[in-house]
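The values are calculated or read from the model by the stated rules, or taken from the named source; none is laboratory data. Predicted, not measured: the structure shown is a model, and the values here were computed from it. All Cβ positions, even for glycine, are placed from backbone atoms using ideal geometry, and neighbour counts span all protein chains on display. Accessible surface is based on the protein model in full, side chains and every heavy atom, while ligands, DNA and RNA are left aside. Shrake-Rupley method; radii C 1.70, N 1.55, O 1.52, S 1.80 Å.
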Amino acid sequence: MRRKTPSAARNWPFLAGFIETERRLGARAQAHGHFAAVAYEFLRFGVKQGWACLFGGLICALLIGTHLFCPADAPLSRYDLLTLAAVLIQVALLGLGMETWEEAKVIALYHVVGTAMELFKTGVGSWIYPEASWLRIMGVPLFTGFMSASIGSYIARVWRLFDFRFTRHPPLAFTLPLAGAIYVNFFSHHYMADLRAMLFIATGVLFGATVVHFKVWHEYRPMPLLLGFVLVSLFIWLAENIGTASRVWLYPNQAAGWSPVSAAKLGSWFLLMIVSYVLVTLVNRPEPYPEAEPARPADPAQPRPAR
């Protein structure tokens with residue numbers, strides 16, 4: 001028998017007040033027939049995704065808001081304001097129970113990993129942060145670690161909200177070296193051959209047969225995990241366009257004027273997604289999807305029923 005999935009309010013007490021309202025809405029949708037139930041499940045999917053994107057969405061809102069409304073002569077620089085605001089958001093989410101401490105640990109780990117990459121990439125000229133600030137390490141403002149952490153925050157939250165289960169998930173003994181090789185390649189390809197093609201192939205071999213089962217409402221829905229990686233990478237690429245359009249950071253070809261980030265960056269974000277995902281699995285270990293139990297053969301020692 002499949003175990004009952006615990007409510008997400010166990011992880012986020014902030015959600016507890018919405019449980020009864022959600023139950024009533026679901027019951028009304030079911031009472032109106034199949035199409036109403038499908039529409040409600042689609043709506044529920046969107047709400048859950050929005051909740052999972054909470055940290056990243058707030059960061060994106062800050063990027064846009066400070067670009068539109070932060071005066072150039074303000075006593076506090078835009079980057080320093082972003083750093084302080086990101087810290088306050090983190091504290092508020094924890095204090096209000098809208099974020100778990102496990103999630104905060106993931107964000108802290110991403111902050112370190114992301115800042116290390118930012119320091120290297122800005123050093124070799126891959127991109128720049130054009131504005132001045134006090135709260136920075138070398139040429140990297142401290143809020144950039146929160147932008148990287150928002151990816152880990154999303155994966156950790158969506159994992160719990162949709163109660164992920166997996167079929168044919170590769171073991172950590174294989175995925176962790178892959179993530180390490182991808183991360184190293186982000187640095188080493190500046191000095192030696194780019195192993196990106198081999199890393200794509202290795203990712204396909206490891207995760208090609210993996211299916212993630214996610215629960216939107218009552219039933220689990222299957223999806224190839226690689227497809228999930230691609231979809232999330234696409235949304236990260238869109239968020240990157242928001243970041244460059246608001247001139248938080250710029251690629252060399254955007255110094256004279258903004259242009260969309262090259263679609264080739266999707267490959268980089270896909271590989272970074274693998275690193276992000278594997279780091280989250282250090283906290284949330286993948287649980288197998290409970291397949292239907294095969295019928296047991298008849299015990300010859302038991303008496304046969306009379307015909």
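Numbers below:
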| read-out | value |
| --- | --- |
| Inter-residue pairs, beta-carbon under 7 Å, first in contact (Cβ under 8 Å) with a residue 12 or more places away in the chain and in the range 85-103, second part of a helix (DSSP H, G or I) and open to solvent by 50 Å² or more (accessible area, probe 1.4 Å), 6+ apart | Ile89/Leu58; Leu96/Phe14; Gly97/Pro13; Gly97/Phe14; Met98/Phe14 |
| Qualifying residue in the range 172-188 (condition: among the aliphatic types (A, V, I, L, M), outside any helix (DSSP H, G or I) and at pLDDT 95 or above) | no |
| Qualifying residues in the range 196-225 (those that are touching a Lys or Arg at 6+ places or on another chain (Cβ under 8 Å) and exposed (fewer than 15 other Cβ atoms within 10 Å of the Cβ)) - the one farthest from Phe42 (Cα to Cα) | Ala209 |
| Single unsatisfied condition, Ser153 versus (1) assigned to a helix (DSSP H, G or I); (2) among the hydroxyl-bearing types (Ser, Thr, Tyr); (3) at pLDDT 90 or above | (3) |
| Filtered residue count, the range 70-89, keeping only those that are modelled with pLDDT under 90 and buried (at least 19 other Cβ atoms within 10 Å of the Cβ) | 0 |
| Qualifying residue in the range 280-300 (condition: at pLDDT below 95, within 20 Å of the chain's Cα centre (by Cα), among the hydrophobic types (A, V, I, L, M, F, W, C) and not in a loop (DSSP other than H, G, I, E, B)) | yes |
| Breaking point among (1) closer than 22 Å to Val232 by Cα; (2) at pLDDT 90 or above; (3) not acidic (Asp, Glu), for Ala104 | (2) |
| Residue in the range 138-154 that is of a type in the set (Gly, Ala, Ser), more than 30 Å from Lys215 (Cβ to Cβ) and open to solvent by 20 Å² or more (accessible area, probe 1.4 Å) present | yes |
| Subset of the range 240-251 that is among the hydrophobic types (A, V, I, L, M, F, W, C) and open to solvent by 30 Å² or more (accessible area, probe 1.4 Å) - its residue that is nearest to the chain's Cα centre (by Cα) | Ile242 |
| Qualifying positions in the range 252-264 - surrounded by fewer than 16 Cβ atoms within 10 Å (Cβ to Cβ) and either touching a Gly at 6+ places or on another chain (Cβ under 7 Å) or not aromatic (Phe, Trp, Tyr) (or both) | Pro252, Asn253, Ala255, Ala256, Gly257, Ser259, Pro260, Ser262, Ala263, Ala264 |
| Tally, over the range 90-107, of residues that are surrounded by 14 or more Cβ atoms within 10 Å (Cβ to Cβ) and either closer than 13 Å to Gly56 by Cα or touching a Phe, Trp or Tyr at 6+ places or on another chain (Cβ under 9 Å) (or both) | 9 |
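Yes/no per residue for (1) part of a helix (DSSP H, G or I); (2) open to solvent by less than 30 Å² (accessible area, probe 1.4 Å); (3) over 14 Å from Arg247 (Cα atoms); (4) touching a residue at least 40 places away in the same chain (Cβ under 8 Å):
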residue: Glu20; (1), (2), (3), (4): yes, no, yes, no
residue: Ala39; (1), (2), (3), (4): yes, no, yes, no
residue: Phe55; (1), (2), (3), (4): yes, yes, yes, yes
residue: Cys60; (1), (2), (3), (4): yes, no, no, yes
